[in-house]
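What follows is a set of notes on a single structure, which appears directly below.
The values are calculated or read from the model by the stated rules, or taken from the named source; none is laboratory data. Only a predicted model underlies this, so the values are computations on that prediction, with no experimental measurement involved. Cβ sites come from the backbone with ideal geometry, for glycine too, and all protein chains shown count toward neighbours. For accessibility, only protein heavy atoms count, side chains too; no ligands or nucleic acids. Shrake-Rupley method; radii C 1.70, N 1.55, O 1.52, S 1.80 Å.
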Amino acid sequence: MSQDQTAQRSRHGGREARRRERTQKASGVGRPYIVRNIPTYDVLSEENLVRIEAAADRILAETGIAFRDDPEVLALWRKAGARVDGDLVTFEPGMLREILRSAPAEFTQHARNPENSIRIGGRSVVFAPAYGCPFVMDLDRGRRFGTLQDFQNFVKLAQSSPWFHHSGGTICEPTDIPVNKRHLDMVYAHLKYSDRCFMGSVTAEERSEDSIEMARIVFGRNFVDENCVILGNVNVNSPLVWDGTMTKSLRAYARANQAAVVVPFILGGAMGPVTNAGAIAQSLAETMAGCALTQLERKGAPVVFGNFLSSTQLKTGSPTFGTPEPAIGSMVVGQLCRRLNLPLRCSGNFTTSKLPDAQAMTEGAMSMLAAVHCGANFVLHSAGFLDGLLSMSYEKFMLDADLCGALHTYLDGIKVDDNELAVDAFAEVGPGNHFFGCSHTLANYETAYWDSETADNTPFEQWELAGSDDAATRANRLWKQRLREYEAPGLDQGIDEALQDFMTRKKASMADAWY
């Protein structure tokens, strides 16, 4: 690197610190979640919403949903008045909506740092990282299986960013830890390296119960019984199947008064119809059934109405993400969820791109704007998602964090008061003059605009002199800087020791399983 480039980057470092300070002042950093100040975007008329609801009711009554490998679920449905034939359950129109009346419209998820507790539902918006990738990637080492070190790194990066409100769940799979034990390390990483809200395991009932038990060690058994402190993200085996692994985990969370996030995963043309309205009706039927099941397990338990619509490249059968049909479909899902008066998880930062490139950011922006405008309260997959959810990217994580920062300002809307209208500034400046030095600009200079951490807005010559770096390269430097600067939030030593003791005993009680 030349002396000119070194000096340029040194000067940039000072500007970076000042820029971050201004951005934090401007954007209200430190708030535990966003309170939206713009309306949701309702795209369908009452008549068409009723038609979709009627289609969902027909699916539930005529085709039904299979509940497999969990006899207790069948007993619960039978007791509630549903028709049960083998593992197939059918429902009279309106039955599930009636059951769902006991579910809270919004609730608080408590963080171990009370200042980071969040509201889920109403006008609140919460951003959480991507979930479930088996691979990780960065510009230095390429694509590889995720490890516990990668998992811990992403927890630290999320904790270090002001633009996330939640630590997430399985940010990437730590494939160097046995399958039957890695849930312990993941939950511990969230509790050790973050003081924000988090999600637990759902891959087996006992792993869900272990996750909840670790939360009890931190928060206290009585507090957990009365308050939500952990989420569990459960998926429908679309089309129209709930398997026992998921229903047992769903019931474990509900039984403990913790929130299940109930999500169909519908790839149009594969696990659902290629038409948007039909996929939305299917999603509504599957999600209502899962959400209602939480209320049969424990009436009043918090639950989140989730949705994951996606499309398929029909020429090849490959999944596609970040496409327009699921994005506009999310708007309708939001309308339907609000009619049920439930909190909503919908959309996210989706892409099938294999690199943090233009395709990734285009598809991600479409999906995230859909999340914002559909009224999503909990936005999982807000950052890092690449490769159709197969890879968690360090660089894309930082680029997506930047977009989440911009969306904070976007969701704040437009304030109108005497200062914002700036009529006195016009009188001071007059026609034909610039506003740079006027008193209104100086008074608002530090808080006027959101400022990107990853964009380069310098003149071409200055950018070229600094190395001609693209956004991914800048993001590569940024995630490394964040990890160097990371400081762990304090965790009580006694609680830490109790968590480690629990993990040690649980791991010693079973042989390693790698499948």
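Side notes on the structure shown:
- Among residues of region 211-222, those that are free of Cβ contacts under 8 Å to residues at least 40 places away in the same chain and open to solvent by 10 Å² or more (accessible area, probe 1.4 Å), counted: 4
- Residue pairs meeting the criteria (Cβ under 6 Å; at least 6 apart or on separate chains; first in contact (Cβ under 8 Å) with a residue 24 or more places away in the chain and surrounded by fewer than 24 Cβ atoms within 10 Å (Cβ to Cβ), in region 256-267; second of a type in the set (D, E) and outside any loop (DSSP other than H, G, I, E, B)): N257/D225
- Flag: T454 matches the condition of being of a type in the set (V, I, T), outside any helix (DSSP H, G or I) and in contact (Cβ under 8 Å) with a residue 12 or more places away in the chain.
Residue by residue, here is whether (1) open to solvent by 10 Å² or more (accessible area, probe 1.4 Å); (2) of a type in the set (S, T, Y) holds:
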| site | (1), (2) |
| --- | --- |
| R298 | yes, no |
| V303 | no, no |
| G306 | no, no |
| R339 | yes, no |
| G348 | no, no |
| T351 | no, yes |
| Q359 | yes, no |
| E363 | yes, no |
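- Each residue in region 321-352 was checked for being over 22 Å from V126 (Cβ atoms), of a type in the set (S, T, Y) and touching a Gly at 6+ places or on another chain (Cβ under 8 Å), and 1 pass.
- Test: V303 is closer than 29 Å to T473 by Cβ, modelled with pLDDT of 95 or more and not hydroxyl-bearing (S, T, Y): no
- Pairs linking a residue in region 74-92 that is at positive phi and in contact (Cβ under 8 Å) with a residue 12 or more places away in the chain to a residue that is open to solvent by 60 Å² or more (accessible area, probe 1.4 Å) and in a loop (DSSP other than H, G, I, E, B), with Cβ atoms under 7 Å and 6 or more positions apart or on different chains, do not occur.
- Which numbered condition S208 misses (of (1) open to solvent by 10 Å² or more (accessible area, probe 1.4 Å); (2) on the phi < 0 side of the Ramachandran plot): (1)
- Which listed residue, of E72, E106, E98, is open to solvent by 10 Å² or more (accessible area, probe 1.4 Å) and in contact with a strand residue (DSSP E or B) (Cβ under 9 Å, 6 or more places away or on another chain): E106
- You will find that of F397, F426, the residue that is open to solvent by 60 Å² or more (accessible area, probe 1.4 Å), at negative phi and aromatic (F, W, Y) is F426 and no other.
- Against the conditions (1) under 24 Å from M137 (Cα atoms); (2) among the acidic types (D, E); (3) crowded, with 24+ Cβ neighbours inside 10 Å, E286 satisfies every one except (1).
- For A111, the conditions (1) in a loop (DSSP other than H, G, I, E, B); (2) aliphatic (A, V, I, L, M); (3) in contact with a helix residue (DSSP H, G or I) (Cβ under 8 Å, 6 or more places away or on another chain) all hold with the exception of (3).
- The residues on offer are H434, H381, H408, and the sole one that is under 22 Å from T447 (Cα atoms) and under 15 Å from the mean Cα position of the chain (by Cα) is H408.
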